[in-house]
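S.K.: First the structure, then my questions, so here it is.
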Amino acid sequence: MSAVIWHDIECGAYAEDLPLWRSLAASRGDPVLDVGAGTGRVALDLARAGYQVTALDRDPDLLDALAARASGRKSELLRPSSRPPVRTVVGDARDFDLGQQFPLVIVPMQTIQLLGGDEGRVAFLRCAHKHLTPGGVLAAAIAEVLELYEVIDGFEAPLPDIREYDGVVYSSQPTAVRAEHGGFVLERRRETVAPKGERTVEENLIRLDGLTGRGLEREGRAAGFTPAGRATVRATADYSGSEVVMLRA
């Protein structure tokens, strides 16, 4: 359950990219494959817009939460066909076989930079290519550059993300973005305070591979893709912007 809570706190509120994914689904059609779907931030938004979505993630707890939310919004999400609007599949983005092809595969929120370097990305691109219909499009959000910072003694610290669940207060405080080994490390301090005052503190690190749009297009060509354009998702006060690289199968 804690993985679901932290995922919701740190990622669930982000909405700047949602219009882009809706626009791509409108132009490409469905079903849509959402890679790194988590608890359904994008998948459920697309389902509400009337699209059939397959949500792939390696964490079964996150997908269980997604499925429960889709079920709880059944009357809102189901179309007249009554087919479930979101299919969840536990799997590794670098090695999956869904037995289905899609006109659109999306990879939001820099997920493609979490695959363990060049080898992991190439494995994913090959899997994605097999799962696209001829002429289908892969759209992946990347961060070429992140603003580097380090919070010292609370000076100029970004505002923490805070929520309360069952009386427990959860706080996730960004503390640094560092350049490391050609990529980036995002550091957060996660704290909880229970109703009786018990407090926990832990550090959380996320490592993003260094990647440029041109580099992803080059890797895509090697996997059988051709470049199909780019789009920009602007930065907000709380989230970095991203470049969405599109590749055609």
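S.K.: Please determine, by comparing only the residues of region 96-140 that are of a type in the set (Gly, Ala, Ser) and closer than 15 Å to Thr226 by Cα, which one is nearest to the chain's Cα centre (by Cα).
M.R.: Step by step, filter region 96-140, then rank; the result is Ala140.
S.K.: Also, quick follow-up: For Asp8, are the conditions met, namely being assigned by TED's automatic domain parsing to the domain that holds Thr88, outside any helix (DSSP H, G or I), of a type in the set (D, E, K, R) and crowded, with 19+ Cβ neighbours inside 10 Å?
M.R.: Answer is no for this residue.
S.K.: List, please: which pairs have Cβ atoms under 8 Å, are six or more places apart or on different chains, and start with a residue in region 33-46 that is in the same structural domain as Pro103 (by TED's automatic domain parsing) and end with one that is of a type in the set (Asp, Glu) and part of a helix (DSSP H, G or I)?
M.R.: Pairs that qualify, where the first residue is in the same structural domain as Pro103 (by TED's automatic domain parsing) and the partner is of a type in the set (Asp, Glu) and part of a helix (DSSP H, G or I), are Thr39/Asp8.
S.K.: If you go through region 152-166 one residue at a time, do you hit one that is assigned by TED's automatic domain parsing to the domain that holds Pro19, surrounded by 12 or more Cβ atoms within 10 Å (Cβ to Cβ), among the β-branched types (Val, Ile, Thr) and assigned to a strand (DSSP E or B)?
M.R.: no
S.K.: Only one of these conditions is not met by Pro195: (1) surrounded by 14 or more Cβ atoms within 10 Å (Cβ to Cβ); (2) touching a residue at least 24 places away in the same chain (Cβ under 8 Å). Which number is it?
M.R.: Every condition holds for Pro195 apart from (1).
S.K.: Still on this model: Taking into account only those residues within region 21-44 that are surrounded by fewer than 19 Cβ atoms within 10 Å (Cβ to Cβ) and assigned to a helix (DSSP H, G or I), which is nearest to the chain's Cα centre (by Cα)?
M.R.: Looking at residues that are surrounded by fewer than 19 Cβ atoms within 10 Å (Cβ to Cβ) and assigned to a helix (DSSP H, G or I), I get Arg22.
S.K.: Out of (1) closer than 19 Å to Cys11 by Cα; (2) at pLDDT below 95, what's the single condition that is false for Gly197?
M.R.: Here Gly197 meets the rest and fails (1).
The values are calculated or read from the model by the stated rules, or taken from the named source; none is laboratory data. Source: prediction; values computed, not measured. Here the Cβ is made from the backbone with ideal geometry for all residues, glycine too, and neighbour counts use every protein chain on show.
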